[in-house]
Each structure stands twice: as structure tokens, then as C-alpha cells.
1. Tell me which DSSP H helices of the chain clear both cut-offs, 18 Å or more of axial length from alpha-carbon atoms and a mean Kyte-Doolittle hydropathy of at least -0.5.
2. Cα centroid distance between segment 121-179 and segment 40-93, in Å?
3. Charges only on Cβ, +1 for Lys and Arg, -1 for Asp and Glu: so what's the dipole of the chain about the Cα centre, in debye to the nearest 20?
4. So, counting K/R as plus one and D/E as minus one, what does the shell of residues with Cβ under 12 Å around Leu165 add up to?
5. Is the C-alpha gyration tensor of the chain telling us rounded, prolate or oblate? Criteria: a/c under 1.5 is rounded; beyond that, a/b larger than b/c is prolate, otherwise oblate.
6. Which shape class, rounded, prolate or oblate, goes with segment 7-100 when its Cα gyration tensor gives a ≥ b ≥ c as root eigenvalues, a/c under 1.5 marks rounded, and past that a/b bigger than b/c marks prolate?
7. Go through Leu69, Pro50, Phe15 and say which Cα lies farthest out towards the positive end of the charge dipole of segment 2-76; charges sit on Cβ, +1 for Lys and Arg, -1 for Asp and Glu.
8. With the Cα gyration tensor of segment 248-322 giving a ≥ b ≥ c as the square roots of its eigenvalues, does the rule (a/c under 1.5 for rounded; else a/b larger than b/c for prolate; else oblate) give rounded, prolate or oblate?
Amino acid sequence: DLMLLGIGRSGHIGFNEPGSDKGSRTRLVVLDEITVKDAASDFFGEENVPPEAITMGVGTILDAREVILMATGEHKAPIIREAVEQKPSRSVTASYLQEHPNATFYLDRAAAGNLTREKTPWIVAPVEWDAPAAKRAVIWLSETVDKAVLRLEKADFHRNHLHGLTQAYPDTDALCREVFEDLRSRIAYRGDLPEGERVLVFSPHPDDDVISMGGMLSTLVGNGNDVEVAYMTSGSVAVFDRDVKRHLRFVNMSLDRLGLTGETADSVREAAMEHINFVRGKAPAEIDTPAVQDLKAYIRYTEAIAAIEVLGLHARDAHFLDLPFYKTGRVRKDPIGPADVEAVRELLAETQPDHIFVAGDLSDPHGTHRMCYKAIKQALEDQERSGDAGAVSEDGASEDGASEDGAPAAFSPTPQIWLYRGAWQEWETHRADVFVPLSKAELQRKIEAIFKHESQKDRAMFPGAYDEREFWQRARGRNTETAARLDRLGLPEFYAAEAFVTVDEMP
């Protein structure tokens, strides 16, 4: 009676890969290359993904009385558009659902983002033209006709489905000037950024901070802010076994230089070999022992410290929260729980930040960014509901301290929230509130910091299925492209730029 479906990046429903016939039935299929890449993170490598799968056929699916397809996240947006807006075809089997009399797609805003009705609604329907919609349309028009914003003419609007906008804003020259000045005002040079304030950066994994906002981080340090970085998870599941063996061999070779000899040294060597032998004999996807999980976490922690040292911070500026939801030893994590939220709240109370930076790219392969975002949001909401923000003294400490029942000290209820992106996608020009220009030297310093994450260099365990570039290449490409987009709009030309969204409450 009811068929509940997802959709693969290849457009498959079930495992009906491209080329599947509309009338196909349950059968054994060979998985598409894209599907194998998408599944690789769940199997700890493409080489471990089964090459075949059993699937219900397209015809069987279409026989259901009602079909519901659900998709979430920016990474599903391109294939959703093909499935919904292109003609039904064997190349995207989900497109056959257009012919079903009772099929419904349930999408979040991100997954629907490439649909014409969402991305450029003025092409398909009348639009209620407010200032944000007008800004978005002018930027789109500038990019579409390849003209700077201030060079756009009324004829450009008429030739590109924007008659309604010219009716709402008859003086298109004035509108273009308004959009241009709005964008220009969002470019923040060093002197426009916080100085002498308390800043707390939340990094879901130990490298998200430098990948996504290494330039901003360096500037904040240079501006004399009290900057601390909270690494919310250990990232241990993304460390290769070979890195554990390499670090343990280093320990064994260093024992005499560390003053360890005799029975003590023998005991350390024996323990190290025990861990080395374990990882040597592991089966794919086998859970690491607690000790090996810790060793992998320490590898990520030391890399994180080395990275922020490049940007002017020190080990004392790093907090390793090791949130419980992540500590399953598996790719799949537990749901966010009270202990996760409380750990975030305690740190906020301890640091009393004026500004917090939060990862706003929520399409990482295993949803860790999304879960960390949820924990931060819940901590802030719990604090607001509790009404115990308390007074804050001039030195930033809560005057009330801990409550009588032992609850953590309250934190400032109104820190400025900055949402960053970079590892998985970048903010669209019309959505960004702040653009931070980077010189070539500043971008190189950021890349040097990313390089300190050696366990993720050359071949990351979980690079995602949508971008084959290394993380430093993604950062360089996205930052230079952000600057290039601003340049094409007629704004000042920069070597690179990072983009941020600022909010008072997390959406």
C-alpha cells in the first residue's frame, strides 16, 4: 500500500541504478560506481563495498498505491532537480515517479535548493518581491549575463524573466546600486572584525576549524582576541590503522631518549606491539579496542594543536570535548543526548564568549556536523529557557557562579553567532553576511595549518562522495572562487575570501 523511498546520488530508488527498465522486478544488480563511492564510508573503503545488491524493481515500486520519497541535505539537491524537472528516463530511475498517480517528494530546504521553484522562482511563478528576494535576483542576473551589478540595464531584467522585479522596483539603476552597496558593506577587513573580545570556535572534527575559517582564525588572533577552539569529537574513526602503527613505532624508537629503560621500556614495547598486532589483524569495519580508539584520538588531537599553532594559538587554547554521542567506535553514531548538551553548556559557562563560531555546512558524510550543531543549539536554548543567565563581571566571570544544585555557571545569553562553511560547501553570495578577504600569504598560512592534519592528507578515510579533491584543495578552491564571484559582480578584487553568516539565534 505504501512505498517509502530514499534517493541515491546516481538517481537510483532501491538499488535500481541508471539503465534500469521501468518494468523491472526484484533482482540482483551490479552497483553503480557512484553508489559504491557513496557507500564507501560505511564500509571503511571502496574496496570493502559489495559490488552487487538485491533490489526491488522499478515496476514493483510503481505498483504501490502510494509512494513517498524523502531526501535531506545539499548533496541531494542536484539529483533531486533531475528527478523532478527532467523527463522520465532510464538514466535517473527516480524520475519514473513523475508518472505515478500518488507519489510525493518530502524534502528539506537544502535538498530542494536546486529546484527552479526554489533557486530561481521568478522563472516559473510570480514572486513577492521583498529586499532579500530582489538582492538574490540581481546577483543571479549579474552572473547569468556576465555583467557587473552596476553595469546591468533594464533590458537585462526584461530578457531574463524579471519583469515583475522591474514593476516592484521601476528604477533598476537604483536597485543595482542598493544591492552593490549592500554587498560592499559586507566585506570585513581586519579593522572591521572583533578586537579584544572572547571568541569560542566550535569544530565538529579536529580539522574543520582550519579548513573552513583558518583565515578568520588567524585574523582574530592577530586582533588580540582571547580565542579558544573546542573540538567536539575526536575524529578517531577517520584515522587509518597505518597511522597508529607509525606512531607506535616512533614511541618504541624513542624510549631511550625519553629516559625509559629496562623493564619499564620492555613493558611499553610489549603494549605497543599488542596494539600493532591488533590493527594488523583487523577485519574491515571491525571496531577498534578502546585503547586503539584513544590512540587514534590522540593522533587527531596533536594534529589539531599543531595546526592552530601555525595560526598563533597554543595547546592551552584547545578544548577536546570528546562528546559521548561520537564514541561508538563505529561509523554510525548515537543520537545527541543530555551529556553532549551539558558538555557544551559547561564550556560556554567557563569561557563566557562574546562570539561563537559554529559549522554551518551540514552535509558531511555521517552527519557529525549536524549533530554537533544540534548540541550547541540545544545548549543555548536550554540556557535561555532556564533564565539563569546571571550577571557577568567585568573580567567575564559569572557573579553568581554555580547554582545551589551544582549546575554549571551561567554564560552570557547573547553571544554573536557566526556560521562557517568550507569542508563540504560554501555560503552562497546572497546568503553571506560577512566576507573576509585573504591575501595569497594568508591563504598559504591557512593551507599550511590544514597540512598539519597529516592523517587526513593525501587520502582521507571519509572524503565524502561528492568532491574528489583533498580538503586543502577544497579550501583553496572555494576561497578563491568566493573572491572571484565578488570580482565578477564588480566588487573589489581579492586573492581569496571566506564567507560567514551571522545570527543572534541558531536557525
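Read-outs: derived from the displayed coordinates by stated rules, not from any lab. Just so it is clear, the structure is predicted and the values come from calculations on it, not from any experiment. Virtual Cβ from ideal backbone geometry, glycine too; neighbours counted across all protein chains shown.
1. Span-like helices in the chain: 131-145, 172-185, 208-222, 262-280, 290-310, 338-351.
2. About 36 Å separates the Cα centre of segment 121-179 from the one of segment 40-93.
3. Roughly 2040 debye, rounded to the nearest 20.
4. In short, -1.
5. Oblate, because a/c is 1.5 or more while a/b does not exceed b/c.
6. It comes out oblate by the Cα gyration axes.
7. Leu69
8. Judged from the Cα gyration tensor, segment 248-322 comes out oblate (a/c at least 1.5, b/c at or above a/b).
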